[in-house]
Amino acid sequence: MNYSDVIIIGGGASGSFCALFASKNQKITIIDNQNKIAKKILVTGNGRCNLTNKTISYENYNQNIQPYLNKFNANQTLDFFKSIGLETYFDEQGRVYPLSNSAKSVQEVLQNQIEKRNIDVKLETEVTNITKNEDNFILETTKGIFSCKKLVVATGGNSMLKTLKNLNINYKTFSPSLVSLKTKISKNLANVKLSNVKVTATNTFGQSKSDFGEVLFKESGLSGICIFNLSTIYSRVKNFKGLISIDLLPNLSYEEVYNLLFQRRQLKININRFFDGLFVREIGYEILNRIKIDENRSSMALSSNELHYFTKQIKNLQFDVVDCYQNNQVFSGGVNLEDLTLNLESKKNKNLFFCGEICDVDGICGGYNLQWAWTSGKIVGEAL
Ligand SMILES: Cc1cc2nc3c(=O)[nH]c(=O)nc-3n(C[C@H](O)[C@H](O)[C@H](O)COP(=O)(O)OP(=O)(O)OC[C@H]3O[C@@H](n4cnc5c(N)ncnc54)[C@H](O)[C@@H]3O)c2cc1C
C-alpha cells in the first residue's frame with residue numbers, strides 16, 4: 001500500500017494550487033486520472049485561460065464567498081502567478097489572461113512548480129472508492145491501494161459524489177451551469193449573432209436576471225457569454241424551463257423605437273425589407289414571421305397597430321427555454337459550505353478537505369470560477 005501524509009485527488013486548478021501551498025515537511029501525492037497536471041486549464045477561455053478578473057466580487061457567485069476571498073483574492077493570485085513566472089494582462093472588462101494569450105502558459109508554470117517541489121504525482125490513475133479506518137483514509141484506485149492521513153478532494157464537477165456518501169458528506173446534486181440554452185427557434189436564425197442587446201432570463205419560479213452583450217443563435221437554441229451567465233438562473237433551481245426575452249435596442253425607449261419605425265416608413269420599401277439596415281435580415285424576418293402580415297405592401301402602408309406590434313417585438317423578442325446543451329463550463333451544486341470550516345475541512349470528518357468546483361460555489365463567466373479554484377486551493381493547502 002502507498003502511504004502519503006496528504007493525498008490530493010484531482011490535480012486540476014484547485015488541486016495543483018493546493019499542493020503548492022501545502023507545507024513541504026510532509027509527503028504529498030496528487031492522484032489524477034488525466035495524463036498531465038491541470039489539463040483542463042488548456043481548454044479554458046477558448047484556449048487563452050481567463051484566469052481571474054480584476055473586479056472579482058462575491059455578488060457574482062451563487063453565495064457569499066467573501067470570507068474566503070478575504071483570505072486570498074485576485075490581486076494576491078496574480079502576485080503569486082507573477083512570482084512563478086506567469087506574465088498577464090487584463091482587458092477592458094477586467095478579465096485577466098496570460099500575456100502569451102495561451103492557456104498552455106498557465107498549465108506550464110503550474111507543472112514547473114509541482115516538479116520543482118518534487119511533489120509526487122500519479123497520473124492516469126482513477127480513484128474509485130474511499131473509505132476510512134481509525135487513522136487513515138484508504139483509496140482504491142485503478143493502480144492499486146493508497147492511504148493517507150489527510151485527504152483533499154479536488155475532483156471538479158460531477159465526479160466522486162457517490163463515493164462521498166461513504167464519508168458522511170452532504171452535497172447538492174450537480175446541474176450544468178454556464179451553458180447554452182435550448183429554445184424554440186426558427187431555423188433561419190441559426191448562426192446569427194447579436195451585439196449590444198439586453199437579455200432577460202426568467203425561470204419557472206418567476207426569478208429573473210438581465211445581462212447586456214452578445215447572443216449567438218444556434219440550430220435550436222441560444223449561446224454567447226450573456227446566455228452563459230443567465231443560464232445560472234436555471235441551473236441553480238435545476239430546471240431549464242422558462243423564458244428568454246431580448247431587447248434588440250436597449251438604448252432606446254419604447255417610444256423612441258416606435259418613432260424610429262414611424263420615420264422608416266418613408267423608405268417606401270417593400271415591408272419584407274423594412275428592417276434591412278436596422279437589423280440583419282434574418283432578425284427582420286423573425287419579427288415579420290411572428291405576425292400574419294401582408295409583406296407585399298410598401299412600408300408607407302404600415303398601420304400604427306403594426307408599428308406598435310413591431311416595437312413590442314424589438315423591445316421584447318421572446319424565446320421559450322426548453323432545456324440546456326451539454327457544453328457547460330461548470331456545474332452548479334456540490335459539497336455544502338455550511339458543512340465545512342473556513343479552511344474547507346469537513347466539520348464531521350476531520351482531515352477531509354474540499355477545494356474547487358466540487359464545493360457548492362459557482363460564478364459567472366469572466367475568470368470567477370478559476371478564482372474560486374485558486375482561492376479554495378490555497379486555503380486548503382495552507383491548512384494541511
Ligand atoms: C470549456 C471550458 C472553459 C472554461 N473557461 C474558463 C475560464 O476561462 N475562466 C474560468 O474562470 N473558468 C473557466 N472554466 C471553469 C474552470 O475550468 C473550472 O472552474 C476549474 O477548472 C475547476 O477547477 P477544479 O480544480 O475544481 O477542477 P478541474 O480543473 O476539473 O480538475 C479536477 C481534476 O480531477 C480529476 N479527477 C476527477 N475525478 C477523479 C477521480 N475519480 N480520480 C482521479 N482524478 C479525478 C479530473 O480529471 C481533473 O483533472 C471553463 C470550463 C470549461 C469546461
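No lab work stands behind these numbers, since they all come straight from the coordinates. Just so you know, these numbers come straight off a predicted model, no measurement behind them. A quick note on method: Cβ atoms are made from the backbone with ideal geometry, for glycine too, and the neighbour counts reach across all protein chains shown.
Side notes on the structure shown:
- Any chance Val335 is in contact (Cβ under 8 Å) with a residue 12 or more places away in the chain, in contact with a strand residue (DSSP E or B) (Cβ under 6 Å, 6 or more places away or on another chain), over 24 Å from Ser223 (Cβ atoms) and within 16 Å of the ligand (Cβ to nearest atom): yes
- Count of the stretch 42-67 residues which are under 16 Å from Ile225 (Cα atoms), in a helix (DSSP H, G or I) and either in contact with a strand residue (DSSP E or B) (Cβ under 6 Å, 6 or more places away or on another chain) or among the aromatic types (Phe, Trp, Tyr) (or both): 1
- Note on the stretch 92-132: enclosed strands (runs of 3 or more DSSP E) holding 1 or more residues that are buried (at least 19 other Cβ atoms within 10 Å of the Cβ) and aromatic (Phe, Trp, Tyr) are 95-98.
- Contact map, the stretch 348-360: first residue more than 18 Å from Ala22 (Cβ to Cβ) and of a type outside the set (Phe, Trp, Tyr), second residue part of a loop (DSSP other than H, G, I, E, B) and within 8 Å of the ligand (Cβ to nearest atom), Cβ cut-off under 8 Å, separation 6 or more or different chains; pairs are Glu357/Gly156; Glu357/Gly157.
- Residue that is surrounded by the most Cβ atoms within 10 Å (Cβ to Cβ), among those in the stretch 138-163 that are more than 11 Å from the ligand (Cβ to nearest atom) and closer than 27 Å to Leu370 by Cβ: Leu151
- Within the stretch 314-332, the presence of a residue that is in contact (Cβ under 8 Å) with a residue 24 or more places away in the chain, among the hydroxyl-bearing types (Ser, Thr, Tyr) and away from the ligand (no atom under 16 Å from the Cβ) is excluded.
- Of the residues screened, Val237 is one that is surrounded by 16 or more Cβ atoms within 10 Å (Cβ to Cβ) and without any contact (Cβ under 8 Å) to a residue 40 or more places away in the chain.
- Any hit, the stretch 350-370, residues being among the basic types (Lys, Arg) and either within 11 Å of the ligand (Cβ to nearest atom) or touching an Asp or Glu at 6+ places or on another chain (Cβ under 8 Å) (or both): no
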